[in-house]
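These notes concern the structure reproduced below.
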Amino acid sequence: MILVFGKTGQVARELQKLGTVTALGREDANLSDPQACAIAIRRHAPDAVINAAAYTAVDQAEDEEAVATVINGNAPKAMAKACAELDIPFVHISTDYVFEGTGQTPWQPQAQTAPQNAYGRSKLAGETGIAESGGTYAILRTSWVISANGVNFIKTMLCLSETRDALNIVGDQIGGPTPASDIALACLQIAKQLIQDPSKSGTYHFSGAPDVSWADFANEIFDQAGKSVAVTPISTTDYPTPAQRPLNSRMDCTPTKWAFGIERPDWVTGLKTILADLEENT
């Protein structure tokens, strides 16, 4: 049995659709209480653990860094230690925000980290705790998560298209939109492979291909959804946010392919599926 932390998040929902996991919600193990998470792992005694829960309010984290650090840093550390004690693999979802976000070269898993906002610092704290746990683990950094559930860029664009025929969208931030369904499947495959081969422990990247700007992503959303919205690319400086966003979210996913045989997912195809799901549920 594979134990999943998270029930309502985008990836957690997709993991539950796969039907091979036991998912814990906040009522079962709240990440604001790291020791409760460790106790839950010992109680369930699973074959592996996937952490698909996190504090993801990037801008809000600027005012709540301590809270974000408990949830994104201390809780995963406690989970990883419990898994190490039981000698089972721990798979944890992280983010490209642990990097400084400059340049144009895809970030390699072992590149120097330098988070530029509170959310990124909280996620890096979790990565550090996991790596020091002494157990079998995979930290899977991803970016621009999309699905038919939760709050994400696709749903925001579709909502705006109902009342707007023209939008200014950031065009100088580049990254790979990543379907939550593909992240869920990758996490499950990685967990199963780590059970068989703990030597694959380490930090990996997983993001959708091809890399695009938010403006280009918006254009593809409107094209596929049949919405007539004119998109004007703008610079990040023209769209200030409380938390600094990375300009470069490109990630080198080659080691993930080498270690686990998992390719970067095609987000254009994933978008079609997501839009179909949204259409079916409206």
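The values are calculated or read from the model by the stated rules, or taken from the named source; none is laboratory data. Since the model is a prediction, treat every value here as computed from it, not as a measurement. So basically every Cβ, Gly included, is an ideal-geometry build from the backbone, and we count neighbours across all protein chains shown.
Quick notes on this structure:
- All of 96, 63 fail the test of being within 30 Å of residue 210 (Cβ to Cβ) and among the acidic types (Asp, Glu), apart from 96.
- Flag if residue 53 is out of contact with any Asp or Glu (no Cβ under 8 Å at 6 or more places or on another chain) and either outside any loop (DSSP other than H, G, I, E, B) or among the aliphatic types (A, V, I, L, M) (or both): yes
- For residue 273, the test of being buried (at least 16 other Cβ atoms within 10 Å of the Cβ), hydroxyl-bearing (Ser, Thr, Tyr) and in contact with a helix residue (DSSP H, G or I) (Cβ under 8 Å, 6 or more places away or on another chain) is failed.
- Scope the range 40-56; condition more than 20 Å from residue 188 (Cα to Cα) and free of Cβ contacts under 8 Å to residues at least 40 places away in the same chain; matching residues: 43
- Of residues in the range 224-279 being touching a residue at least 24 places away in the same chain (Cβ under 8 Å) and acidic (Asp, Glu), the one nearest to residue 98 (Cα to Cα): 252
- Residue check for residue 26: farther than 20 Å from residue 125 by Cα, of a type in the set (Lys, Arg), modelled with pLDDT of 95 or more and surrounded by fewer than 22 Cβ atoms within 10 Å (Cβ to Cβ): no
- Some residue of the range 86-103 being β-branched (Val, Ile, Thr), touching a residue at least 60 places away in the same chain (Cβ under 8 Å), in contact with a helix residue (DSSP H, G or I) (Cβ under 7 Å, 6 or more places away or on another chain) and farther than 24 Å from residue 242 by Cβ: yes
- The residue that is surrounded by the most Cβ atoms within 10 Å (Cβ to Cβ), counting only those in the range 131-175 that are farther than 21 Å from residue 113 by Cβ and basic (Lys, Arg), is 155.
- Hits in the range 95-133 - residues which are aliphatic (A, V, I, L, M) and out of contact with any Ser or Thr (no Cβ under 6 Å at 6 or more places or on another chain): 111, 114, 118, 130, 131
- Test: residue in the range 8-18 that is more than 27 Å from residue 193 (Cβ to Cβ) and touching a helix residue (DSSP H, G or I) at 6+ places or on another chain (Cβ under 8 Å): no
- Matching entry among 128, 142, 178 (being under 30 Å from residue 34 (Cα atoms), polar (S, T, N, Q), modelled with pLDDT of 95 or more and touching a His at 6+ places or on another chain (Cβ under 8 Å)): 142
- If you go through the range 8-23 and keep only what is under 16 Å from residue 54 (Cβ atoms) and modelled with pLDDT of 95 or more, you end up with 10, 11, 12, 13, 14, 15, 23.
Residues checked against (1) at pLDDT 95 or above; (2) closer than 19 Å to residue 3 by Cβ; (3) under 17 Å from the mean Cα position of the chain (by Cα):
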{"site": "62", "(1), (2), (3)": "yes, no, no"}
{"site": "66", "(1), (2), (3)": "yes, no, no"}
{"site": "74", "(1), (2), (3)": "yes, yes, no"}
{"site": "83", "(1), (2), (3)": "yes, yes, no"}
{"site": "98", "(1), (2), (3)": "yes, no, yes"}
{"site": "107", "(1), (2), (3)": "yes, no, yes"}
{"site": "115", "(1), (2), (3)": "yes, no, yes"}
{"site": "120", "(1), (2), (3)": "yes, no, yes"}
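- Flag if residue 136 is within 18 Å of residue 249 (Cα to Cα), touching a residue at least 24 places away in the same chain (Cβ under 8 Å), among the β-branched types (Val, Ile, Thr) and in contact with a Ser or Thr (Cβ under 9 Å, 6 or more places away or on another chain): no
- Residues that are of a type in the set (S, T, N, Q) and modelled with pLDDT of 95 or more were ranked within the range 29-55; the one that is farthest from residue 79 (Cα to Cα) is 32.
- Elements of the type helices (runs of 4 or more DSSP H) sitting completely within the range 74-163 and holding at least 1 residues that are within 17 Å of residue 207 (Cβ to Cβ): these cover 118-131, 153-161.
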